[in-house]
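Okay, structure first, notes after.
The values are calculated or read from the model by the stated rules, or taken from the named source; none is laboratory data. Bear in mind that the values here come from a model prediction, so they are computed numbers and not experimental data. No Cβ is skipped: glycine too gets one built from the backbone with ideal geometry, and neighbour counts run over all protein chains shown.
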Amino acid sequence: MSRIIQPVAVDAALQLLTEVRTRNTALGTESPIKLLLTQHNIDLDIDADRIKEAQVHDQAATALRSQSENYTALRNLKSEPALKTVSSMGQVLKTFYKPSFTEVALWGIDITATGKITYPASAVEQRTLALNLWAKNATYPAGASPLSAFIAKEGIDPDVMMDAFIDAVAFDTKATQKRNDAQNEIELRNQKMAPVLEHLRLIGTYLMDFYHENPREVGLWGFLIDENASKPTERTTKIKLLDKATLNGVIIGGTITNVGEVEVHLYKGKTTVGNPIILQPEGVFGVPKGYSIITISNPSPLKTAVVKALVGK
């Protein structure tokens, strides 16, 4: 049984609405949806304005997500070397006190009874851990701390380390703010898109009933028709650091959503040749014709990428 693949992304919805308006205008009084629009008080011109406003919010959200990602990268540049030093200090303490791991915990380190250490993920908590380490270290006379020899050998400067964590916290705060601003733009986008998508669903359903003997006629209005009897499924794909994955059978008119924390690069086909489509976190890509096979790369050396895509069985 044929069915319509409804658009989700802004650009795909705008394209469909444009084709519906064009077809409706061309048919004039003979348009099969003329009375439907009147019955449901649908003004396609108003919908066009709504979707264009949604597009502005969508573009703003993309820009803000990119800024958030940049601040996150700056945070990582500051925090990761400092945290690596902290983890080395933790390992020295673990070896020094073994098997009395409760002594390690007195330095502010999260350690289990079996000696497994867990380091905090947030910049604020990492800074707190570093403060605790140095505070505990300062309680010992000069040269008497279990870390004294290691600190001297490695040339670890507490001021340099703490400055790095302070900068990391500042960048993390900015990243969070930009991410929140992006989410606000997404909500505004969705508010503008909601009535338009509902109207397009109504029009599409009506046209499928109107052209029930020849559903392909609905395609002349810009709707994508799936004649495959099997229902497509949403597939979640994880892409390792600096790795790539190829998706086959991606539904044309469906979407690819970046549900991870890092941007991903989309390439048409099975290779990563050419200029990619960059999809930011929480971004949605409306799959156009010719993109049933897509290769997705993760450019991040820090985090796994995660995407969801509508694919055929």
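What about residue 256, is it of a type in the set (A, V, I, L, M) and either modelled with pLDDT under 95 or within 17 Å of the chain's Cα centre (by Cα) (or both)? So residue 256 fits the description; yes. I'm trying to understand the selection: among the residues of the stretch 298-313, which are in a strand (DSSP E or B) and of a type outside the set (Lys, Arg)? The answer is 305, 306, 307, 309, 310, 311.
Scan the stretch 183-197 and tell me whether some residue there is in contact with a strand residue (DSSP E or B) (Cβ under 7 Å, 6 or more places away or on another chain) and either without any contact (Cβ under 8 Å) to a residue 24 or more places away in the chain or at positive phi (or both). So far as the stretch 183-197 goes, no, none of its residues is in contact with a strand residue (DSSP E or B) (Cβ under 7 Å, 6 or more places away or on another chain) and either without any contact (Cβ under 8 Å) to a residue 24 or more places away in the chain or at positive phi (or both).
Would you check if residue 202 is in contact (Cβ under 8 Å) with a residue 40 or more places away in the chain, within 30 Å of residue 74 (Cα to Cα) and among the hydrophobic types (A, V, I, L, M, F, W, C)? Judged against the criteria, residue 202 is not a match. For residue 45, the stated conditions hold: it is closer than 30 Å to residue 212 by Cβ and not basic (Lys, Arg). Can you tell me which residue in the stretch 124-180 is farthest from residue 282 (Cα to Cα), limited to those that are touching a Gly at 6+ places or on another chain (Cβ under 7 Å) and among the hydrophobic types (A, V, I, L, M, F, W, C)? Filtering first and then ranking leaves 133.
Per-residue answers, yes or no, for (1) in a strand (DSSP E or B); (2) within 30 Å of residue 25 (Cα to Cα); (3) among the aromatic types (Phe, Trp, Tyr):
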| residue | (1), (2), (3) |
| --- | --- |
| 57 | no, yes, no |
| 89 | no, no, no |
| 103 | no, no, no |
| 120 | no, no, no |
| 125 | no, no, no |
| 134 | no, no, yes |
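A single member of 82, 73, 61 is buried (at least 18 other Cβ atoms within 10 Å of the Cβ), within 30 Å of residue 134 (Cβ to Cβ), out of contact with any strand residue (DSSP E or B) (no Cβ under 9 Å at 6 or more places or on another chain) and small (Gly, Ala, Ser), and it is 82.
For (1) outside the structural domain of residue 75 (by TED's automatic domain parsing); (2) of a type in the set (Val, Ile, Thr); (3) surrounded by 17 or more Cβ atoms within 10 Å (Cβ to Cβ); (4) within 23 Å of the chain's Cα centre (by Cα), each residue gets a yes or a no:
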{"position": "208", "(1), (2), (3), (4)": "no, no, yes, no"}
{"position": "223", "(1), (2), (3), (4)": "no, no, yes, no"}
{"position": "235", "(1), (2), (3), (4)": "yes, no, no, yes"}
{"position": "249", "(1), (2), (3), (4)": "yes, no, no, yes"}
{"position": "276", "(1), (2), (3), (4)": "yes, no, yes, yes"}
{"position": "280", "(1), (2), (3), (4)": "yes, no, yes, yes"}
{"position": "293", "(1), (2), (3), (4)": "yes, yes, no, yes"}
{"position": "298", "(1), (2), (3), (4)": "yes, no, yes, yes"}
{"position": "308", "(1), (2), (3), (4)": "yes, no, no, yes"}
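Of the listed requirements (1) aliphatic (A, V, I, L, M); (2) closer than 30 Å to residue 53 by Cβ; (3) outside any helix (DSSP H, G or I), residue 113 misses just one: (2). Being modelled with pLDDT under 95 and assigned to a strand (DSSP E or B) is the filter; apply it to the stretch 232-246 and report the residue that is nearest to residue 271 (Cα to Cα). Among those residues, the one meeting the criterion is 235. Taken over the stretch 1-52, residues that are at pLDDT below 95 and outside any helix (DSSP H, G or I) amount to 9.
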